[in-house]
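Remarks on the structure that follows.
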Ligand code: PEP
Ligand code: MN
């Protein structure tokens with residue numbers, strides 16, 4: 001339920017109502033705005049009737065939140081959320097590019113790609129230290145050694161790090177090594193993992209859509225993280241499974257427009273996994289800008305043929321330079337800055 005207070009309501013008035021909401025076992029939310037304060041009550045809303053909120057002189061309006069997701073919804077917060085990854089703002093007029101290899105493989109590989117993206121003005125480096133692979137025989141990532149390499153790249157090239165977490169018990173360990181937890185498509189509904197990054201950290205979380213997940217399921221997964229205490233969630237459309245086999249996945253650009261309409265969270269697009277086809281990453285990145293995405297996350301590797309994972313879709317230095325040059329006019333046309 002949303003409780004809109006009158007413009008003249010004081011913080012004391014708000015606190016009085018919030019305490020009443022909490023006393024009923026509901027989760028109280030305090031959302032001060034420029035013109036007026038909005039309060040929220042999450043949980044079994046039927047018990048709210050006991051409070052007779054409409055009889056409070058400072059209450060202007062009481063509205064139910066109709067969507068099943070609440071905290072992520074624009075019904076609750078109409079303005080865009082801006083999420084910081086190590087001080088770099090995602091959302092709210094910025095267009096963010098995150099780039100780097102699928103997996104961290106070695107110091108030489110990670111440093112060379114870091115240098116390459118830094119030269120392009122990119123400050124956000126991606127790279128998996130823990131890799132959730134379809135086959136148990138595929139490269140599983142360097143683990144802690146990979147995290148150490150990411151930290152070293154962060155210090156050497158002044159980059160902020162985005163890296164995947166696959167085990168809830170790693171949330172605290174990873175906290176010092178990364179600036180943003182990535183939750184992969186295969187773990188979008190790993191609810192203990194969602195709660196772990198919600199509870200143990202206030203660092204940004206890049207939540208990727210499951211390959212067979214509906215938009216509503218994605219938003220409810222984000223709701224888990226925020227409900228556990230961390231509001232810094234970034235959504236990511238990374239392609240879904242359809243009947244189509246020409247591309248690795250089908251990049252659902254509908255979802256991007258829909259998510260921007262229904263949720264205040266920033267939305268990124270992953271054209272690398274979304275297409276799995278190197279030549280399509282550039283046009284789909286431009287499409288991502290046009291449809292209203294807040295940024296892209298792209299796989300890059302200086303020697304794609306030697307990559308230990310996803311080499312077929314990795315952009316080399318020249319491809320990446322072309323991509324950056326090609327998206328800039330689109331970013332400008334969308335009224336955003338990079
Ligand atoms: C990745 O980013 O390398 C990855 C495994 O992505 P996804 O979870 O979207 O498959
Ligand atoms: Mn990958």
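Take the conditions (1) within 24 Å of the chain's Cα centre (by Cα); (2) surrounded by fewer than 21 Cβ atoms within 10 Å (Cβ to Cβ); residue 314 misses just one of them, which is (2). Quick check: is even one residue across region 160-175 touching a strand residue (DSSP E or B) at 6+ places or on another chain (Cβ under 9 Å), at pLDDT below 95 and either under 21 Å from residue 100 (Cβ atoms) or outside the structural domain of residue 298 (by TED's automatic domain parsing) (or both)? So far as region 160-175 goes, no, none of its residues is touching a strand residue (DSSP E or B) at 6+ places or on another chain (Cβ under 9 Å), at pLDDT below 95 and either under 21 Å from residue 100 (Cβ atoms) or outside the structural domain of residue 298 (by TED's automatic domain parsing) (or both). Checked against (1) closer than 30 Å to residue 197 by Cα; (2) away from ligand 1 (no atom under 16 Å from the Cβ), residue 286 passes all but a single condition, namely (1).
The residues of region 196-226 include none that are at pLDDT below 95 and within 19 Å of residue 74 (Cβ to Cβ).
Has region 232-251 got at least one residue that is farther than 20 Å from residue 284 by Cα, under 12 Å from the mean Cα position of the chain (by Cα), outside any loop (DSSP other than H, G, I, E, B) and away from ligand 1 (no atom under 15 Å from the Cβ)?
Yes, that holds for at least one residue.
The residues in region 198-212 that are within 14 Å of ligand 1 (Cβ to nearest atom) and closer than 13 Å to residue 233 by Cβ can be counted, and the count is 5. No other residue among 272, 309 is in a loop (DSSP other than H, G, I, E, B), within 16 Å of ligand 2 (Cβ to nearest atom), in the same structural domain as residue 140 (by TED's automatic domain parsing) and closer than 28 Å to residue 105 by Cβ apart from 309.
Kindly indicate the residue of region 174-197 that is more than 12 Å from ligand 1 (Cβ to nearest atom) and in a loop (DSSP other than H, G, I, E, B) and also surrounded by the fewest Cβ atoms within 10 Å (Cβ to Cβ) among those meeting that condition. Among those that are more than 12 Å from ligand 1 (Cβ to nearest atom) and in a loop (DSSP other than H, G, I, E, B), it is 176.
Out of 267, 298, one residue alone is in the same structural domain as residue 112 (by TED's automatic domain parsing), under 16 Å from residue 117 (Cβ atoms) and either in contact with a strand residue (DSSP E or B) (Cβ under 6 Å, 6 or more places away or on another chain) or within 16 Å of ligand 2 (Cβ to nearest atom) (or both). It is 298.
So that you can scan it fast, the table gives a plain yes or no per residue for (1) in a helix (DSSP H, G or I); (2) over 18 Å from residue 225 (Cβ atoms):
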{"site": "142", "(1), (2)": "no, yes"}
{"site": "149", "(1), (2)": "yes, yes"}
{"site": "152", "(1), (2)": "yes, yes"}
{"site": "155", "(1), (2)": "yes, yes"}
{"site": "172", "(1), (2)": "yes, no"}
{"site": "205", "(1), (2)": "no, no"}
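The values are calculated or read from the model by the stated rules, or taken from the named source; none is laboratory data. Quick caveat: nothing in here was measured; it's all calculated off a predicted structure. All Cβ positions, even for glycine, are placed from backbone atoms using ideal geometry, and neighbour counts span all protein chains on display.
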